[in-house]
Structure formats: C-alpha cells, structure tokens
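The structure is given below, and queries will be raised subsequently.
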Amino acid sequence: MSTTPRAVLTDFGGVLTSSVFEAFETYSVSVSGDPTLFGTLFRAEPAAGALLVEHECGRIDQADFERGIAELLAPRGIVVPAPGFVDSFQALLRPDEEMIAAMRALRAAGVPVAIVSNSLGDDAYAGYDLTELADTSVISGEVGVRKPSRAIYEIACTRLGVEPAECVMIDDLEHNLQGAARLGIVGLHHTDSKRTVAMLAEWFGISV
C-alpha cells in the first residue's frame, strides 16, 4: 500500500460468516439437485437480478422478494417456500470465529471498523452483535444503495471519519472490491480466513 491504512471496511456474509457460495450451492441442491441453480439464476435471469437489487436496496421486503423468485422457478418445476426460503438459506451460514476475533482485535487496537453489507433477508444479522464487531454498520437495505456502488463506501468512510485512501475493504466478491477501488480504497479479496487475518496483522499489528 502507498499509505499506511487506518481503517477497515468489511463485508459480512462470506467474510464474517462461512461461505455464501457454498450455502447457495447446498440450498440449490436441496430444492433442485443442481448446485448451480441460484448462482445461475441471479447471473443469467434479468428478472431475478432485478428482484435481488430491489430487495438489497430495501425497496421490496423479504416476502416480496421470495414470492418473485418462487414465481420464476415454478415453471421449471422447482418449488421453494415463499415466504421462507431465505431463512432456510441463512440457516446454512455459520460465524467465522477467526474473522470475528480479528474484528475484535482491530477494535481493541483502536482501528476504526465498518461493516459494509448487501442485505439479504429482513433479519440477516440475527445472532450477531454488530455493535461489538464494528463502529458502524452500513447495510444496503437501510441506506438504499448497494455494493459495488461508490456511494455505499463513501457512507462508511464518512461515518468512520476517514478518507477512502486510508481504508482497506475486505470482500469475497472481487467486483465489490473494484467498486471500492474507484474511490482509492485498497481491496483485500477474502478467500481464506488465515490469509486475510495474516494481511490484517501485517497492516495493523494485531494478534489474533
């Protein structure tokens, strides 16, 4: 990095939890036998992608999102509970204790931390104390804008009182990091907790 980082922005699902990709694959298999079902649906079906954007930006609630997805899947002979399937998917995610410990260590060292998350479901963060893990949480459904829009990262930086160039963004999706990079935020692509924690230890001198 050209400057010493002062603050950390982090994704929630897939960084502070187990893999979102694996959870989608597991749930896809459970309802269709095809592990690629939901991944392909959101990438290749414009109507599904639009529903996801509307939900993540808080313009439709979980129940409306689920009904819309169920209607798209029904002609394929695939039945998902609507409402209900988002909760079944979320139940597959588990806390990543190593990453959670890293967030605690960062805060204990005085490093400002913000969670920057695209929300899925009306209660996606149940069971997690976000106020313990971060100084602020910027949730797409609450602020009306989603990653990779620059605006959501700007909100996080403003709340922390830091410049974008002073921040590191951790995310399991590279296109979200590309959005942050447009503001000068350094990206850390999360693929493995040990690697991510090692990078944070190098930058911020924490011990986990």
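The values are calculated or read from the model by the stated rules, or taken from the named source; none is laboratory data. None of these values were measured; they are calculated from a predicted model. Because the Cβ atoms are built from the backbone with ideal geometry, glycine has one as well, and the counts that use them run over all protein chains shown. Accessible surface is based on the protein model in full, side chains and every heavy atom, while ligands, DNA and RNA are left aside. Shrake-Rupley method; radii C 1.70, N 1.55, O 1.52, S 1.80 Å.
For the stretch 168-184, enumerate the residues that are among the β-branched types (Val, Ile, Thr) and either without any contact (Cβ under 8 Å) to a residue 12 or more places away in the chain or part of a helix (DSSP H, G or I) (or both).
Matches in the stretch 168-184: none.
When you look at residue 35, is it free of Cβ contacts under 8 Å to residues at least 12 places away in the same chain and part of a helix (DSSP H, G or I), yes or no?
Taking the combined requirement at face value, the residue does not satisfy it.
Can you name the residue in the stretch 99-118 that is out of contact with any Lys or Arg (no Cβ under 9 Å at 6 or more places or on another chain) and closer than 25 Å to residue 148 by Cβ and, of all such residues, is surrounded by the most Cβ atoms within 10 Å (Cβ to Cβ)?
Among those residues, the one meeting the criterion is 102.
Further question on the same structure: Which one of these is closer than 10 Å to residue 114 by Cα, touching a residue at least 40 places away in the same chain (Cβ under 8 Å), of a type in the set (A, V, I, L, M) and outside any strand (DSSP E or B): 165, 156?
156
A further question on this structure: All but one of (1) modelled with pLDDT of 95 or more; (2) of a type in the set (Asp, Glu); (3) surrounded by fewer than 17 Cβ atoms within 10 Å (Cβ to Cβ) hold for residue 96, so report the exception by its number.
Result: residue 96 passes all but (3).
Of the conditions (1) surrounded by fewer than 20 Cβ atoms within 10 Å (Cβ to Cβ); (2) small (Gly, Ala, Ser); (3) under 16 Å from residue 15 (Cα atoms); (4) in contact with a Ser or Thr (Cβ under 9 Å, 6 or more places away or on another chain), residue 88 clears all except one; give me its number.
(3)
Name every residue in the stretch 1-32 that is of a type in the set (A, V, I, L, M, F, W, C) and not in a strand (DSSP E or B), in order of residue number.
1, 12, 15, 16, 20, 21, 23, 24, 29, 31
For the stretch 67-99, which positions are assigned to a helix (DSSP H, G or I) and touching an Asp or Glu at 6+ places or on another chain (Cβ under 9 Å)?
Selection gives 68, 72, 85, 86, 87, 90.
Separate question: I'm trying to understand the selection: among the residues of the stretch 13-34, which are open to solvent by less than 20 Å² (accessible area, probe 1.4 Å) and either hydrophobic (A, V, I, L, M, F, W, C) or more than 30 Å from residue 114 (Cα to Cα) (or both)?
15, 16, 23, 28
For residue 138, all conditions in the list (1) part of a helix (DSSP H, G or I); (2) in contact with a helix residue (DSSP H, G or I) (Cβ under 6 Å, 6 or more places away or on another chain) hold save one; what is the number of the exception?
(1)
A further question on this structure: Would you check which residues across the stretch 158-208 are among the acidic types (Asp, Glu) and within 14 Å of the chain's Cα centre (by Cα) and list them?
Selection gives 171, 172, 174.
I'd like the residue in the stretch 135-159 that is out of contact with any Leu (no Cβ under 9 Å at 6 or more places or on another chain) and more than 21 Å from residue 64 (Cβ to Cβ) and, out of all such residues, is surrounded by the fewest Cβ atoms within 10 Å (Cβ to Cβ).
Selected residue: 158.
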